[in-house]
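Peer 1: Mind having a look at this structure? Questions to follow.
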Amino acid sequence: GITAGYHRYFAHGSYRTSRPFQFALAVLGASAWQKGPLWWASHHAEHHLHSDSAGDPHSPVCGSLLWAHMGWFWACMEYDAHPAAFQAGRGRVARFRQYPELVALDRFHHGPGIALGALAYAADGLPGLLWGFIVPTVGVWHATFAVNSACHRWGSRRFATTDNSRNNVWVALAAFGEGNHNNHHAFPWSARHGLTWREPDLSYAILRALELLGVVWDLRLPT
Ligand SMILES: [Zn+2]
Ligand SMILES: [Zn+2]
C-alpha cells in the first residue's frame, strides 16, 4: 500500500490502473497509518522538488537525522496541512482531487487503520492487537522513515544526482525496494527501483505480477 500505492502510484505515476484498484491501493496505504494518500504523495513531491535543500520537508542534510526520520512527521505542525502547491492545484498529485472517494479517504484517513486494528483485536484479543497491528505498524513506520533518513546519509551512489540520496540494501530489504533510493532519485518516475539482482525490490516483483494479471499496466522503466 505504501510503496506500490502511496509512493510509486500516487506520488510518481509510475504505472496506470483502474479507478477501483486505485482506491484499493489508497485504502491499503491508509491502513499503515501514515496519513492520507494525497497528503503523503504531495509532501513527497516536495521532497523530490527540493531534495536536500531548503524546502525539503525531511532532509538529514539540512536538518538532523532524527528530524528527517520522524520529527517532521510526528512533531511539527507545519506539515499537518497539504503543501501550498497542492492546495493551489499545481503538480501531478493535485489531479487526484477529481476523485471524491480519494478526497474523502484523505480526510478520514484513520478509518482503514482503525478497521485493521479492530479486526486484529476481534481475531485474538489484546495479543492480536499487539502482534497483528501495533508491532507491524510501528515496523512499517520505521522502514518508511528510514528511506527519508538513512537513505540520504548511508549507502552507495550509482548516479550523480543533485541530492545526497543513497542505495542502502538493508532499507531496500525492509521497505520492499524503496532503499534503492539513489536509483529512485535518478529515475523518480520508474516503477522499478532495484535495477540489478543485487538491488532487491519486492514491490516491483508484485507490480509485475499484477501487470501479468491485467490489474496494472503501462509500467514506466528506464532504458
Ligand atoms: Zn529522497
Ligand atoms: Zn519518490
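We did not get these values from a lab; they are worked out from the coordinates using the rules stated. Note that the structure is predicted; figures quoted are calculated from it, not measured. Because the Cβ atoms are built from the backbone with ideal geometry, glycine has one as well, and the counts that use them run over all protein chains shown.
Peer 1: How charged is the neighbourhood of residue 104? Take every other residue with its Cβ under 15 Å from the Cβ of residue 104, and add Lys/Arg as +1 and Asp/Glu as -1.
Peer 2: With Lys, Arg at +1 and Asp, Glu at -1, the net is +2.
Peer 1: Also, I was wondering about something else. Excluding residue 144 itself, what net charge comes from residues whose Cβ is under 14 Å from its Cβ, given Lys and Arg +1 and Asp and Glu -1?
Peer 2: +1
Peer 1: Something else now. Whose amide H sits under 5 Å from the amide H of residue 216, counting only residues 5 or more places off or on another chain, with H placed in the peptide plane?
Peer 2: Hits under the 5 Å cutoff: 211.
Peer 1: Next up: To make sure I understand, if each residue's beta carbon is the centre and we count other beta carbons within 10 Å, what order do 70, 77 fall in, fewest to most?
Peer 2: Exposure proxy ranking, most exposed first: 77, 70.
Peer 1: Just add up the charged neighbours of residue 222: K/R +1, D/E -1, any other residue whose Cβ is under 12 Å from the Cβ of residue 222.
Peer 2: +3
Peer 1: Could I ask something else about it? In 10 Å bins starting at zero, report the fraction of Cα pairs in the chain per bin as a rounded %.
Peer 2: 8, 33, 39, 18, 2, 0
Peer 1: If you don't mind, there's one more thing I want to ask. Over the Cα atoms of segment 149-218, what radius of gyration and what Dmax do you get, in Å?
Peer 2: That works out to 12.3, 38 Å for Rg and Dmax.
Peer 1: Report the gain in length on full extension from residue 142 to residue 170: 0.36 nm times residue separation, minus Cα-Cα distance, nm rounded to one decimal.
Peer 2: Separation in residues times 0.36 nm, less the Cα-Cα distance, equals 8.8 nm.
Peer 1: Next up: Which shape class applies to segment 6-135: rounded if a/c is under 1.5, otherwise prolate when a/b exceeds b/c and oblate if not, where a ≥ b ≥ c are the square roots of the Cα gyration tensor eigenvalues?
Peer 2: Judged from the Cα gyration tensor, segment 6-135 comes out oblate (a/c at least 1.5, b/c at or above a/b).
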